[in-house]
């Protein structure tokens, strides 16, 4: 049973786990096995995308699980090439068919593509109003994109999924989203392992007798940021989920906020403006 402390209430009242599994760069049996293990461990949020080319495997794992569909939270995203009003509606049908599901819990615009994003959002609003998705949102939307969307949208995004970590601490974006009841969600929260030997991080990990990954994930959760670390290793999946038995002090949270170095793994969305 999902612990209530792991949940956040989106701006439309839908409940979403704060911690989930991202499945980027996982394919075929690896993807299916990772999701099966994650569900066994206690994960209830699974985040995929058309771009990841593994929706079929994620759907297989979900359907083969003994967990009731209503207790799971499944996210997918419209691919960049499928953006635009009619193309998005068709792409959603394809994603749903691949996963073998009746609905998805969250459907996101994967990237703010310049000439199509406003039409793509209108398609998401239609899917939401028709009840085919429980919530809609965006990914890689920095403040200028969110400001633009406000002028056109009839629905406020429920979630904004962006690259976010102690080393890319987007404090202004976090405050912006919190003020507007948009749930910020972090992908690549563990910086794909590239900062795990940082002496500052190691000192905090040693203090709490936790791994560097656990410290980063706990930091995000205490900021109220949903986080979707990726792993296909059973041991790592367990490690990443074992972050609810301790709390980082306010002083150490502030210290970790100072780790920011604007370090990006993924392209800067501002280059799409």
**OP:** Can you give me the number of residues within region 163-189 that are touching a helix residue (DSSP H, G or I) at 6+ places or on another chain (Cβ under 7 Å) and free of Cβ contacts under 8 Å to residues at least 40 places away in the same chain?
**Re:** 3
Original post:
If you scan region 137-192, which residues turn out to be over 18 Å from residue 119 (Cα atoms) and more than 17 Å from the chain's Cα centre (by Cα)?
Top reply: 143, 167, 171, 172, 175, 176, 179, 180
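Each value in this text was obtained by applying a stated rule to the coordinates, not by laboratory testing. A quick note: this is a predicted structure, and the numbers were derived from the prediction, not measured. Positions of Cβ are backbone-derived with ideal geometry, glycine not excepted, and every protein chain shown enters the neighbour counts.
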